[in-house]
Amino acid sequence: IVMLMHQPLIWINDNCKLPNERISKKILNAKKISDKLCNKTPLIKIKENIYLKEESKQITNSFKLRGVSYSVYLEFEKFITLLKKGKIFSQYSMVTQSTGNHGISSIYSIIHFIKEYSKKYPIFKNQLNKIQPVIYGNVMI
């Protein structure tokens, strides 16, 4: 089974008020998940009401970790649901089409969630260790 990952980037301020309760819950859950992997990065004031979020301070040196970590989390939730229903996999790949910041963030997130879910669901550790992160893209030299 191959899962293609692509989710929009979601970033909100802790004080943000969201109008729709259903969407608010999804966004706040995405923030909660991504906050587990992401560093708190500084806001640098450029001018009045203009700030720069210094996402190069992330472990992957990119803002992409915020959106990717949530996307990978969703795939792990699907995978665990299938395992709970008795599905057994000889191989399970998570694929992204990037060898850049998105690819690096994907690999980092997959490794993180393999470790986290192996602790949370030790009965599925062997299946979780079969997950293969795959990145495709052009390599620039």
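Sort out which residues of the stretch 115-132 are touching a strand residue (DSSP E or B) at 6+ places or on another chain (Cβ under 6 Å) and crowded, with 18+ Cβ neighbours inside 10 Å, and write them in order of number.
If the condition is that a residue be touching a strand residue (DSSP E or B) at 6+ places or on another chain (Cβ under 6 Å) and crowded, with 18+ Cβ neighbours inside 10 Å, then ILE131 is the only one that fits.
Among what's in the stretch 67-92 and is within 21 Å of GLY103 (Cα to Cα) and at pLDDT below 85, pick the residue that is surrounded by the most Cβ atoms within 10 Å (Cβ to Cβ). Walk me through how you get there before you give the answer.
Of the stretch 67-92, the ones within 21 Å of GLY103 (Cα to Cα) are 67-79, 91-92.
Going one step further and asking which of them are at pLDDT below 85, we end up with 91-92.
Working: GLN91: 9, TYR92: 18.
Here the residue is TYR92.
How do the pairs read when you match residues in the stretch 118-141 that are farther than 16 Å from TYR92 by Cβ with residues anywhere that are open to solvent by 40 Å² or more (accessible area, probe 1.4 Å) and at pLDDT below 85, using Cβ under 9 Å and keeping only pairs 6 or more apart or on different chains?
What qualifies is TYR136/GLN97; TYR136/THR99; GLY137/GLN97; GLY137/THR99; ASN138/THR99; VAL139/THR99; MET140/THR99.
On the given criteria, is LEU43 open to solvent by 60 Å² or more (accessible area, probe 1.4 Å) and not hydroxyl-bearing (Ser, Thr, Tyr)?
Criteria met by LEU43.
Exactly one of these conditions fails for GLU48: (1) of a type in the set (Asp, Glu); (2) in contact (Cβ under 8 Å) with a residue 24 or more places away in the chain; (3) exposed (fewer than 15 other Cβ atoms within 10 Å of the Cβ). Give me its number.
Among (1) of a type in the set (Asp, Glu); (2) in contact (Cβ under 8 Å) with a residue 24 or more places away in the chain; (3) exposed (fewer than 15 other Cβ atoms within 10 Å of the Cβ), the lone unmet condition for GLU48 is (2).
Return the residues of the stretch 25-78 that are more than 21 Å from VAL95 (Cβ to Cβ) and of a type in the set (Asp, Glu); say none if nothing qualifies.
Selection gives ASP35, GLU48, GLU54, GLU55.
What about LYS36, is it closer than 18 Å to GLU75 by Cβ, modelled with pLDDT of 80 or more and open to solvent by 60 Å² or more (accessible area, probe 1.4 Å)?
It is true that LYS36 is closer than 18 Å to GLU75 by Cβ, modelled with pLDDT of 80 or more and open to solvent by 60 Å² or more (accessible area, probe 1.4 Å).
Checking ASN61 against (1) touching a residue at least 40 places away in the same chain (Cβ under 8 Å); (2) touching a helix residue (DSSP H, G or I) at 6+ places or on another chain (Cβ under 8 Å); (3) open to solvent by less than 100 Å² (accessible area, probe 1.4 Å), only one condition comes out false. Which one?
(3)
The values are calculated or read from the model by the stated rules, or taken from the named source; none is laboratory data. Since the structure is predicted, the reported quantities are computational estimates derived from the model, not experimental observations. Here Cβ is always computed from backbone atoms with ideal geometry, including for glycine, and neighbour counts include all displayed protein chains. Quick note on the areas: whole protein, heavy atoms, side chains included, nothing else; ligands and nucleic acids left out. Shrake-Rupley method; radii C 1.70, N 1.55, O 1.52, S 1.80 Å.
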